[in-house]
Amino acid sequence: MGSEGYSPLFETKAAKGRVLYRVFAASIFVGICLIWSYRVKFVAEGGGRWGWLGLFAAEIWFGFYWVITQAPRWNPIRRRTFKHKLSQRHEGEFPGVDIFVCTADPEMEPPAMAPISPTMLSWRPLNLQSTGYHSARSSTSSQGHLQLTLTSHTDHQSKEVDFIQTLYKDMENRLNYAVKLGRVPDEIQSSSKGFSQWESYASRKDHDTFLQIVIDGRDPKAKDVEGSVLPTLVYLAREKRPRYFHNFKAGAMNALLRVSSQISNGQIILNVDCDMYSNNSDAIRDALCFLMDEEKGHEIAYVQFPQLFDNITKNEIYASSLRVINEVELPGLDSFGGPLYIGTGCFHRRDVLCGKKYSKGYRNDWNSKDYRNSGDDVNELEEKSKHLASCSYEENTEWGKEMGLRYGCPVEDVITGLSIQSQGWKSVYYNPERGAFLGVAPTSLIQTLVPT
């Protein structure tokens with residue numbers, strides 16, 4: 001308990017095994033010092049001297065590097081959320097949440113292999129009503145048209161399961177056919193107005209903005225067969241031109257930030273990769289426990305969940321589990337102002353991601369009505385939003401510098417997180433007992449060595 005009448009929505013405790021790790025680290029440091037002492041005391045003679053000195057220099061460097069890496073590992077912490085308190089105090093008043101699902105390339109990330117469609121479907125059961133869905137950045141526009149095929153079905157009965165499997169197989173075949181063909185098939189183009197602009201010319205590196213609101217969450221008819229309200233679903237393929245550098249995922253995320261601000265403008269943004277699916281329906285509520293905490297929430301810019309995978313090989317020969325990062329380094333960084341932003345499975349405050357600096361007098365304003373306030377119909381909203389994803393929109397602006405994800409570095413997520421923290425914000429790492437998001441890890445040497 002903090003101030004009078006305040007009951008925290010989360011707690012922070014020292015991680016178990018901290019003392020044992022410190023003893024282990026101390027023993028390693030003693031070993032490093034003994035090696036250095038040996039090198040100084042017994043210098044090789046003759047022709048082996050230079051080799052000896054080279055080894056000594058390498059050992060000094062790696063020893064120094066090891067000492068530096070102990071800083072984020074020395075004081076790991078664990079956090080626990082109190083979702084029942086969140087429900088008692090804020091049920092029905094949760095902020096809007098926009099979910100960005102980013103795709104890169106239909107060949108490197110085939111829609112049927114990197115499960116873009118199942119990914120979108122997996123977010124449906126998340127335990128929060130006000131959720132927007134946005135998908136970008138691939139130019140394989142058939143994904144946006146087909147990914148909702150299964151939304152309105154359940155799997156409680158065997159006949160329904162068979163029906164779902166049949167529909168999914170049909171969807172998979174059409175996706176694979178579109179990728180193999182290199183364009184949207186004529187029969188699909190004719191069934192959706194959104195594909196009409198692709199009839200002239202289009203390629204992965206040279207095409208207009210393609211934006212379609214597949215489901216309008218404001219429409220009272222937007223319900224599934226059980227009567228549950230469907231969230232807004234938007235497909236975006238930003239404009240690409242050969243003379244404009246597109247800044248990869250950072251550019252796609254920034255285009256999504258701008259377009260979503262016109263359509264749903266959720267105060268919280270969750271971004272995930274296309275090969276990740278929701279594995280914990282309470283993940284959003286967990287994040288909100290940190291962001292909506294009355295005493296400490298106003299300091300937190302983002303909540304980072306670990307990147308987990310469901311296809312780890314038996315012997316982990318490619319170290320895809322990221323166990324040291326997830327279990328040691330990120331919990332350790334969490335005690336020093338917060339973890340790095342790792343590019344996926346992260347809940348951001350929209351205003352912070354758009355450049356808002358922290359101030360001591362800042363307080364949460366989750367009752368703001370500045371989101372989901374557009375009165376335009378779907379067609380008007382699409383047309384008004386397209387220019388926000390154009391190649392020239394960011395010219396002479398602060399996008400990529402002080403606003404949105406930062407440009408100029410292959411690890412745009414890390415420098416974005418560091419930039420946010422340098423503005424006075426803190427971050428939180430949360431690793432629930434049941435993994436929140438699961439993805440697909442490399443299972444071969446080629447996949448491990450060649451980034452996608």
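The values are calculated or read from the model by the stated rules, or taken from the named source; none is laboratory data. The model shown is predicted, which means the values in this text are computed figures rather than measured ones. Backbone-built Cβ (ideal geometry, glycine too); neighbour counts: all protein chains shown. Surface accessibility is based on the protein's heavy atoms, side chains included, excluding ligands, DNA and RNA. Shrake-Rupley method; radii C 1.70, N 1.55, O 1.52, S 1.80 Å.
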Inter-probe distance in nm under a simple model that places probes 7 Å from Cα toward Cβ, at LYS83 and PHE24:
3.1 nm
Would you calculate the separation in nanometres between label points at ARG323 and PHE248, each defined as 7 Å from the Cα along the Cα-to-beta-carbon direction?
2.8 nm
Quick calc: nm separation of the 7 Å Cα→Cβ label points for LYS357 and ASN279 -> 4.0 nm
How much length is gained on full extension from TRP50 to GLN165, taking 0.36 nm per residue of separation minus their Cα-Cα distance?
34.7 nm
Lys and Arg at +1, Asp and Glu at -1: neighbours of GLU59 with Cβ under 15 Å from its Cβ sum to +2
Note on the stretch 308-440: C-alpha Rg/Rh, Kirkwood Rh, two decimals, gives 1.03
Calculate one ³J(HN,Hα) per residue across the stretch 350-366 by plugging θ = phi - 60° into the Karplus curve 6.51 cos²θ - 1.76 cosθ + 1.60, and present them in order as whole Hz with x for glycine and proline.
4, 5, 5, 5, 8, x, 5, 8, 7, 9, 4, x, 6, 9, 4, 9, 7
Looking only at lysines whose Cα falls under 27 Å of LYS221's and that sit 8 or more positions away or on another chain, we get LYS159, LYS193, LYS369, LYS384, LYS386
Quick check: at a probe of 1.4 Å, how many percent of the accessible area of the stretch 299-401 sits on carbon and sulfur atoms?
48 percent
Would you please give the FRET efficiency between GLN423 and ASN176, computed as 1/(1 + (r/R0)^6) with r the Cβ-Cβ distance and R0 = 56 Å, to the nearest 0.05?
0.80
Averaging over all projection directions, find the projected area of the Cα convex hull of the stretch 203-250 and quote it in nm² with one decimal place.
4.8 nm²
Based on the Cβ-Cβ distance of ASN315 and THR397, what FRET efficiency does E = 1/(1 + (r/R0)^6) give at R0 = 41 Å, to the nearest 0.05?
0.25
Can you give the % of DSSP beta bridges in the stretch 292-446 that are antiparallel, to the nearest 5?
30 percent
